[in-house]
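Data block below; observations after.
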Amino acid sequence: MKALKYLNKYFKKYRYRLALGITFSIIAQVFALVTPRLIGQSLKVVEQYQKGQINDLADVKHQLLINIVIIIGAIIAAGIFTFGMRQMIIVMSRYIEFDLKNEIYEQYQRLSLNFYKKNKTGDLMNRISEDVSKVRMYFGPAIMYSINMLTLFIVVISNMVRIDLQLTLYTLIPLPFLSAAIYILSSVINKRSTIVQQYLSKLTAYAQETFSGINVIKAYGIESKNYDEFDDLANISKEKNISLFKAQALFFPLMILLIGMSNVFVIYFGGMQYISGKIESLSIIAEFIIYINMLTWPVAVVGWVSSMVQQAEASQKRINEFLEVKPEIENNQLNPNKINGTIAFKNVSFTYDDTNITALKNVSFKIEAGKTLAILGKTGSGKSTVINLMARLYDIDKGEILIDGIPIKEINLKSLRESIGFVPQDSFLFSDTIANNIRFGDEEATSDSIINAAKQANIHQNIADFKNNYQTLVGERGVTLSGGQKQRVSIARALIKDSNILILDDCLSAVDTETEEKILSNLNKLIHHKTAIIVSHRASSVKNADTIIVLDEGRVIQTGTHLELVNIPGYYQDLYNHQSAEHV
């Protein structure tokens with residue numbers, strides 16, 4: 001139960017609902033006890049009439065009629081309070097499910113990119129969905145039935161003791177065996193539940209990767225291979241589930257068996273006491289049998305509750321693994337900062353933890369606010385790493401990054417990222433309309449602003465040709481658009497944000513030269529007052545920049561303006577001349 005201790009804060013948050021639910025449960029059980037007591041009294045009246053202790057049959061009928069009316073009223077009252085109990089406790093569990101999912105989601109957003117490189121998307125989704133659902137069952141049905149069981153046990157057994165202590169003790173003989181069975185089976189269920197959830201995560205992760213890469217799978221014609229692998233994984237998951245259900249299946253019949261034994265003991269020992277005269281009326285035996293059968297469902301549900309608690313324990317343990325991860329990128333400045341856009345790298349070095357590749361080696365440069373910096377280099381030279389460090393998606397190993405003269409770690413993280421309009425190399429679009437994808441950069445953007453941003457990104461005409469224009473759904477990851485269209489929608493999204501710093505990470509690689517020239521021309525008009533960082537492997541894309549740095553194997557090998565670099569023998573000149581020849 002160690003993992004579930006994390007959830008105690010939710011009991012405190014919803015303590016009034018829980019207290020009211022417990023109160024309703026106790027009241028409902030008290031009304032439920034009216035039935036066996038009045039049945040016992042009714043049988044006693046009939047027995048007294050048969051023995052001649054009551055002579056008037058009309059009195060007997062009158063008493064039985066009164067008892068029936070009271071029993072019906074008690075049953076209705078018990079039903080009303082049971083409904084109220086469910087409204088309090090089950091609804092509380094839904095609130096807690098909502099809170100826990102939000103807490104996990106917020107934690108996911110705080111975690112760094114390294115975390116997502118080490119964990120699969122399917123596993124992340126399973127923990128926030130399936131695992132949280134298991135935990136909700138602990139807060140809802142498990143708690144509700146446990147309260148019912150405990151309340152009924154206390155009220156019923158205290159009533160049984162009041163009537164006949166010795167017969168009550170005989171009735172409770174099976175309870176020690178019940179406790180031992182619950183303890184043994186619970187530990188088995190806990191272990192098997194953990195394994196089941198782990199395999200469910202593997203299954204979800206495999207399915208998610210397959211669906212995301214379905215075009216590659218079809219292109220290579222390996223559908224049957226993927227099917228066989230998924231089938232093997234599904235079969236293993238099925239076997240683990242069957243193993244869990246076998247353990248769970250033992251609970252219910254075992255509980256019924258032990259309750260049945262209690263009935264046998266009541267009939268035998270109660271009968272012997274009646275014969276010996278220790279019990280004056282058979283109505284006591286009948287009342288005891290009703291009490292025991294009232295306990296049948298609560299006792300039988302012990303197995304189900306125990307199973308739910310064990311599954312919740314296993315799921316919460318998995319959830320806690322991620323909730324306890326400390327974000328690598330911490331916000332060290334709580335007060336917001338005003339970002340103008342001067343950026344300086346001083347002897348910055350950086351190595352990726354997951355691959356141990358040193359991406360940058362003693363990189364130094366500076367860009368003043370309102371100027372344009374171009375970063376040029378071949379694939380793997382460290383271009384994207386530089387801009388990821390600017391947005392503080394990673395923290396550097398050595399050196400220093402300054403924003404407006406302040407170390408980047410001392411800048412409010414939210415202020416830093418709000419001041420950056422970022423177009424990544426891999427243009428990601430959400431499964432939504434084109435308008436909403438552009439509006440992601442500014443939630444309050446008007447339709448006119450969206451259209452204007454699309455025009456600047458040279459995508460407006462393409463959108464206008466679509467059947468639903470800006471309300472066209474782009475599908476998951478923008479699958480319905482071409483690579484160039486996705487890049488230009490991403491550019492429009494960054495432009496509409498109107499931030500002081502604009503980063504374009506090789507975002508024109510999928511467009512033709514003519515479209516590139518139009519976009520760059522539009523950008524030059526828009527970014528004259530912004531700090532712009534343009535990353536590219538094309539020299540033609542960066543020729544209008546105020547400063548150009550050329551990276552190779554994580555080092556700055558050339559720095560200067562386009563006119564300076566094009567006349568200096570080196571990597572930049574070779575690349576520019578090569579591209580110019582290709583263009584011709």
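Here I279 clears all of (1) assigned by TED's automatic domain parsing to the domain that holds K51; (2) surrounded by 14 or more Cβ atoms within 10 Å (Cβ to Cβ); (3) out of contact with any helix residue (DSSP H, G or I) (no Cβ under 7 Å at 6 or more places or on another chain); (4) not in a helix (DSSP H, G or I) except the condition numbered (3). Listed by position, the strands (runs of 3 or more DSSP E) contained in the stretch 361-454 that have at least 2 residues being farther than 24 Å from K338 by Cα are 372-377. A single member of L250, L254, L295 is aliphatic (A, V, I, L, M), within 47 Å of the chain's Cα centre (by Cα) and over 23 Å from N190 (Cα atoms), and it is L295. Residues in the stretch 27-38 that are in contact (Cβ under 8 Å) with a residue 60 or more places away in the chain and surrounded by fewer than 18 Cβ atoms within 10 Å (Cβ to Cβ): V30 alone. Evaluate the following for D397: is it modelled with pLDDT of 85 or more and either in contact with a helix residue (DSSP H, G or I) (Cβ under 6 Å, 6 or more places away or on another chain) or closer than 24 Å to K497 by Cβ (or both)? Answer is no for this residue.
List pairs: first in the stretch 500-517 and over 27 Å from I343 (Cβ atoms) and not assigned by TED's automatic domain parsing to the domain that holds A457, second surrounded by fewer than 16 Cβ atoms within 10 Å (Cβ to Cβ) and modelled with pLDDT under 75, Cβ under 8 Å, 6+ apart or cross-chain? Pairs that qualify, where the first residue is over 27 Å from I343 (Cβ atoms) and not assigned by TED's automatic domain parsing to the domain that holds A457 and the partner is surrounded by fewer than 16 Cβ atoms within 10 Å (Cβ to Cβ) and modelled with pLDDT under 75, are T513/H583. The residue of the stretch 402-421 that is farthest from the chain's Cα centre (by Cα), among those that are buried (at least 20 other Cβ atoms within 10 Å of the Cβ) and closer than 18 Å to K371 by Cβ, is I403. Given the structure, is L111 of a type in the set (A, V, I, L, M, F, W, C), without any contact (Cβ under 8 Å) to a residue 12 or more places away in the chain and in the same structural domain as I90 (by TED's automatic domain parsing)? So L111 fails the test.
Filtering the stretch 170-217 to residues that are within 22 Å of K120 (Cβ to Cβ) and charged (D, E, K, R) leaves K202, E209.
Among the residues that make up the stretch 472-489, is at least one of them farther than 23 Å from K525 by Cα, assigned to a helix (DSSP H, G or I), over 28 Å from the mean Cα position of the chain (by Cα) and outside the structural domain of T513 (by TED's automatic domain parsing)? There is at least one residue in the stretch 472-489 that is farther than 23 Å from K525 by Cα, assigned to a helix (DSSP H, G or I), over 28 Å from the mean Cα position of the chain (by Cα) and outside the structural domain of T513 (by TED's automatic domain parsing).
Contact map, the stretch 1-17: first residue buried (at least 16 other Cβ atoms within 10 Å of the Cβ), second residue modelled with pLDDT under 85, Cβ cut-off under 9 Å, separation 6 or more or different chains; pairs are A3/A314; L4/V309. For the stretch 114-139, residues that are free of Cβ contacts under 8 Å to residues at least 60 places away in the same chain and aromatic (F, W, Y) total 1.
Could you tell me whether K218 is surrounded by fewer than 16 Cβ atoms within 10 Å (Cβ to Cβ), at pLDDT below 85 and under 25 Å from L257 (Cβ atoms)? In short, no. Taking (1) without any contact (Cβ under 8 Å) to a residue 12 or more places away in the chain; (2) in a strand (DSSP E or B); (3) small (G, A, S) in turn, S521 satisfies each apart from (2).
Of the candidates T372, T379, the single residue that is crowded, with 18+ Cβ neighbours inside 10 Å, of a type outside the set (A, V, I, L, M) and not assigned by TED's automatic domain parsing to the domain that holds K134 is T372. Filtering the stretch 426-454 to residues that are surrounded by 15 or more Cβ atoms within 10 Å (Cβ to Cβ) and closer than 16 Å to D498 by Cβ leaves I438, R439, F440, G441, D442, A445, S449, I450, I451, N452, A453, A454.
For the stretch 169-260, the helices (runs of 4 or more DSSP H) that sit wholly inside it and include 1 or more residues that are within 30 Å of F153 (Cα to Cα) are 175-212, 223-249. For the stretch 542-565, filtering for residues that are hydroxyl-bearing (S, T, Y), touching a residue at least 24 places away in the same chain (Cβ under 8 Å) and over 10 Å from I375 (Cα atoms) leaves 0. Of the residues making up the stretch 315-327, one or more are assigned to a loop (DSSP other than H, G, I, E, B), at pLDDT below 85 and touching a Ser or Thr at 6+ places or on another chain (Cβ under 9 Å).
Residues that are within 37 Å of the chain's Cα centre (by Cα) and within 17 Å of G399 (Cα to Cα) within the stretch 333-352 comprise I343, V348, S349, F350, T351, Y352, listed in sequence order.
For the stretch 502-518, a residue qualifies if it is crowded, with 23+ Cβ neighbours inside 10 Å and either among the β-branched types (V, I, T) or part of a helix (DSSP H, G or I) (or both), and exactly one does: I503.
Does I184 satisfy the condition of being more than 28 Å from the chain's Cα centre (by Cα) and free of Cβ contacts under 8 Å to residues at least 24 places away in the same chain? So I184 fits the description; yes. Checked against (1) surrounded by 13 or more Cβ atoms within 10 Å (Cβ to Cβ); (2) touching a residue at least 24 places away in the same chain (Cβ under 8 Å), V60 meets all criteria but (2).
Just to verify a result, which residue in the stretch 423-461, among those that are more than 25 Å from the chain's Cα centre (by Cα) and among the β-branched types (V, I, T), is farthest from S384 (Cα to Cα)? This residue is T446.
The values are calculated or read from the model by the stated rules, or taken from the named source; none is laboratory data. Every value quoted in this text rests on a predicted model; they were computed, and no experiment measured them. No Cβ is skipped: glycine too gets one built from the backbone with ideal geometry, and neighbour counts run over all protein chains shown.
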